[in-house]
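As structure tokens, the structure follows; a few thoughts come after it.
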Amino acid sequence: MSTRSTTPPPAVVGAPARDRTRDPRRAVASRPTRGSRAVLLAVTLFVLAFLAPFAIILLNSFKSTADYRAHGSLSWPASWNWGIVEHVWQRVDFTQKLVNSVQTSLGVVVIAVVLALFNAYALGIGRIRWRTAFLIFFLGVNVLPQEGLVYPVYYLFKELGLYDGKLGYTVLVGVTYSAFGTYLLSSVFSSFPRELIEAASLDGAGRWTILWRIVLPMSWPTLSVMCVFFFVWSWNEFLYPLVLLISNDNQTVPLGLAAMQGQYSSDPTSMSAAALLGVIPMVVFFLLFQRSLTRGVAAGAVK
């Protein structure tokens with residue numbers, strides 16, 4: 001009785017192997033559709049429209065005044081005037097303005113994030129009484145315009161001896177931003193897994209231990225996004241520094257750039273160079289913290 005062999009036949013030498021990448025179904029799926037092309041085109045146009053003002057500022061920052069008046073703002077520089085940036089730097093005393101902006105912005109970030117973290121921990125996880133009323137209060141603080149608070153804050157700083165001081169200004173802006181941070185973090189903490197908190201409580205962890213060991217590490221993506229936005233907002237503040245920081249030694253970058261514009265005269269090339277100096281720190285900041293910002297946004301979207 002013969003047994004039937006189940007051994008597969010040997011492969012033919014030189015026979016081409018099956019190319020899976022040439023699957024027609026995969027080729028059709030990998031082709032870009034009209035919808036994806038339209039979205040790509042729209043995004044490209046949006047990016048170009050967004051970068052166009054910065055390109056114009058960059059071109060005009062290295063033009064001479066005569067070149068600008070002769071050929072306009074959209075022409076290529078006839079000769080690159082590299083000394084205009086140094087002139088604006090010395091005229092504005094940009095080094096001092098830059099140091100002041102960095103100090104106040106970092107202080108605002110620390111104060112706003114710490115206060116928002118404590119408030120949101122009490123409202124979102126602690127579930128204190130009158131939680132809804134507190135949330136409405138913090139939301140109302142965000143709605144109030146700065147113009148309506150300038151005069152009360154001005155007279156209050158005069159009475160407390162905080163006028164024309166970076167410390168008082170930093171505390172004011174930090175407390176103001178903490179209202180938005182509290183409202184944002186409270187909604188995040190309200191959906192925090194209660195099982196983790198209950199398990200930590202059963203293990204003997206107190207409220208401070210739960211905050212620093214459990215809540216803070218899991219909330220760091222949201223906090224990193226808040227830090228980035230608070231820093232940018234504080235850097236671009238103009239009304240409060242204009243009213244509360246009047247001396248040249250305490251003024252920030254936006255005030256120094258605004259001083260380039262005269263009442264009856266203006267120099268477009270110097271204004272462009274000043275705007276370039278104001279934009280460069282923000283670009284560097286975003287390049288340094290873009291990974292934290294992207295992770296925070298992605299974590300919030302997944303959540």
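The values are calculated or read from the model by the stated rules, or taken from the named source; none is laboratory data. Not measured: the values here are computed from a predicted model. Cβ coordinates were reconstructed from backbone atoms using ideal geometry, including for glycine residues, and neighbour counts include every protein chain displayed. Accessible surface areas use protein heavy atoms only, side chains included; no ligands, DNA or RNA. Shrake-Rupley method; radii C 1.70, N 1.55, O 1.52, S 1.80 Å.
Here's how it looks for Asp267: its modeled amide H is under 5 Å from those of Gly262, which are all 5 or more places away or on a different chain.
Using mean Cβ contacts within 10 Å as the protection proxy, how do 247-258, 112-123 order, highest first? Walk me through the numbers on the way to the answer.
Numbers: 247-258: 18.7, 112-123: 20.7.
Peptide ranking by packing, descending: 112-123, 247-258.
Applying the criteria of a DSSP loop state and at most 14 other Cβ atoms within 10 Å to the chymotrypsin sites (Phe, Trp or Tyr not before Pro) of the stretch 207-272 yields Phe238, Tyr264. Applied to the stretch 79-95, the Karplus parametrisation 6.51 cos²θ - 1.76 cosθ + 1.60 on θ = phi - 60° returns per-residue 3J(HN,Hα) values of 8, 6, 9, 6, x, 5, 5, 5, 5, 5, 4, 6, 5, 7, 6, 5, 4 Hz, with x for Gly and Pro.
Rounded to whole numbers, the Karplus 3J(HN,Hα) couplings from phi for the stretch 107-121 are x, 4, 4, 5, 5, 5, 5, 5, 5, 5, 5, 5, 5, 5, 5 Hz, using 6.51 cos²θ - 1.76 cosθ + 1.60 with θ = phi - 60°, and x at Gly and Pro.
Couplings 3J(HN,Hα) for the stretch 211-217, derived from phi with the Karplus relation 6.51 cos²θ - 1.76 cosθ + 1.60 (θ = phi - 60°), are 5, 7, 9, 10, 5, 5, x Hz, where x marks Gly and Pro. Within the accessible surface of the stretch 83-130, defined with a 1.4 Å probe on protein heavy atoms only, the carbon and sulfur portion equals 65 percent. FRET efficiency for the pair Arg91 and Leu144, taken as 1/(1 + (r/R0)^6) with r the Cβ-Cβ distance and R0 = 41 Å, rounds to 0.65.
Please work out how much length the chain gains when fully extended from Trp80 to Arg37, using 0.36 nm per residue of separation minus the C-alpha to C-alpha distance, in nm with one decimal. Let's see the in-between values first.
Numbers: separation 43, 0.36 × 43 = 15.48 nm, distance 3.88 nm.
Taking Trp80 through Arg37 to full extension adds about 11.6 nm, to one decimal.
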